[in-house]
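Trainee: The structure that follows is given in the form of structure tokens.
The values are calculated or read from the model by the stated rules, or taken from the named source; none is laboratory data. These numbers were taken from a predicted model, which means no experiment stands behind them. Here Cβ is always computed from backbone atoms with ideal geometry, including for glycine, and neighbour counts include all displayed protein chains.
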Amino acid sequence: MHKVIFDTDPGVDDAMALLFLHRHPEVDLIGVTTVFGNVSLDLTTRNAQFLHQEWGISAPIARGADRTIDPLRSDDRAASVVHGLDGLGNIGLPDTIDWPLDPRPAYQFIIDTVRDNPGEVTLIAVGRMTNLALALQADPDFAGLVKEVIVMGGAFDVNGNVTPAAEANIHGDPEAADIIFTTPWKVTIVGLDVTLKTIMTGEYLADMAKSGEKAVQLLSDLSQYYIEFYKSRVGIAGMAVHDSTACVYLVRPDLFILRSGAVRVVCGGIADGETIQAPDSGRKFVGTAWDGQPSQWVCTDVRSGEVLEVIRTAL
Ligand code: BDR
Ligand code: CA
């Protein structure tokens with residue numbers, strides 16, 4: 001059984017990933033932490049509460065960061081054009097949802113839960129990595145107690161989706177991501193290199209929803225705006241299931257090809273948020289920002305058809 005804390009900014013594809021983790025028989029979802037990103041922190045937290053209520057998810061929710069780790073960055077770089085003004089496809093949600101929140105800030109919840117379960121917890125981060133970076137700043141030693149970190153973010157051998165250089169989760173808080181990647185814990189990065197190959201068509205989703213099951217029907221309803229965005233703005237027939245793909249890595253790592261090597265994030269300038277890897281098999285770059293950095297794992301390819309089937313089966 002995989003004990004998981006899910007760090008998220010729901011978000012349409014975040015919602016699918018949450019339902020996947022909730023339903024997968026090998027996953028024990030022990031906490032959900034929210035972060036600003038696809039929409040404001042108030043809305044991502046409200047959306048997590050809504051989804052917990054609708055889907056009967058009992059894992060505690062802890063509210064996280066509402067802005068970048070570097071106070072000098074001024075904006076939250078929200079992506080409501082992708083996910084709708086409410087973050088869940090404009091389905092018409094109430095402003096607040098009466099669902100309990102853990103009293104601790106997300107970073108403290110993460111530290112405490114990992115310390116209570118040493119060596120057992122996988123952190124899956126599918127939004128800005130601000131909460132994880134705050135946890136490392138508050139308690140650097142907790143990193144040694146984390147089993148694994150899985151991140152949806154980055155674009156290595158492909159262009160970004162916010163700028164040609166940067167993917168949204170990294171672009172939204174580059175300094176936080178660089179802290180995560182340069183910490184000596186095991187990080188696996190599931191970026192656009194593989195998530196843009198993992199496209200779920202509207203027909204595929206409709207077929208899943210045909211079961212008439214209420215939870216999957218809601219997922220289908222809130223995904224329509226996102227599917228339309230991909231059709232009109234990206235020119236793809238279907239939606240990239242970014243965050244679920246990262247969750248599938250947890251249970252089926254055999255479906256992915258990985259490359260190891262130090263990873264850094266460009267912080268500032270026209271390539272702000274770009275992710276770069278120095279593969280272990282290549283040059284050493286002695287005396288540079290890569291020298292002595294821990295090796296992390298970047299997904300470079302995926303058996304996407306099988307990833308979609310893993311999602312369908314769990315849902
Ligand atoms: C990532 O950005 C968000 O829009 C999605 O939820 C996903 O986590 C993809 O770049
Ligand atoms: Ca997300």
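Trainee: Search region 1-15 for residues being closer than 18 Å to Gly191 by Cβ and part of a helix (DSSP H, G or I), and hand back the single one that is nearest to the chain's Cα centre (by Cα).
Mentor: Ranking the qualifying residues of region 1-15, first place goes to Asp14.
Trainee: Right, here's the next one. Tell me the residue from Lys186, Lys214 that is farther than 30 Å from Trp290 by Cβ, of a type in the set (Lys, Arg) and either surrounded by 16 or more Cβ atoms within 10 Å (Cβ to Cβ) or at pLDDT 90 or above (or both), please.
Mentor: It is Lys214.
Trainee: In region 45-68, what residues are part of a helix (DSSP H, G or I) and β-branched (Val, Ile, Thr)?
Mentor: Selection gives Thr45 alone.
Trainee: Any residue at all in region 24-37 that is within 20 Å of Met129 (Cβ to Cβ), without any contact (Cβ under 8 Å) to a residue 40 or more places away in the chain, more than 15 Å from ligand 1 (Cβ to nearest atom) and outside any loop (DSSP other than H, G, I, E, B)?
Mentor: So far as region 24-37 goes, yes, one or more of its residues are within 20 Å of Met129 (Cβ to Cβ), without any contact (Cβ under 8 Å) to a residue 40 or more places away in the chain, more than 15 Å from ligand 1 (Cβ to nearest atom) and outside any loop (DSSP other than H, G, I, E, B).
Trainee: Going through region 51-62 one residue at a time, which ones are surrounded by 24 or more Cβ atoms within 10 Å (Cβ to Cβ) and either of a type in the set (D, E, K, R) or within 16 Å of ligand 2 (Cβ to nearest atom) (or both)?
Mentor: Leu51
Trainee: With the structure loaded, tell me whether Gly31 is more than 23 Å from Ala209 (Cβ to Cβ), buried (at least 21 other Cβ atoms within 10 Å of the Cβ) and in contact with a helix residue (DSSP H, G or I) (Cβ under 6 Å, 6 or more places away or on another chain) or whether it fails that test.
Mentor: Considered against the rule, which asks whether it is more than 23 Å from Ala209 (Cβ to Cβ), buried (at least 21 other Cβ atoms within 10 Å of the Cβ) and in contact with a helix residue (DSSP H, G or I) (Cβ under 6 Å, 6 or more places away or on another chain), Gly31 comes out as yes.
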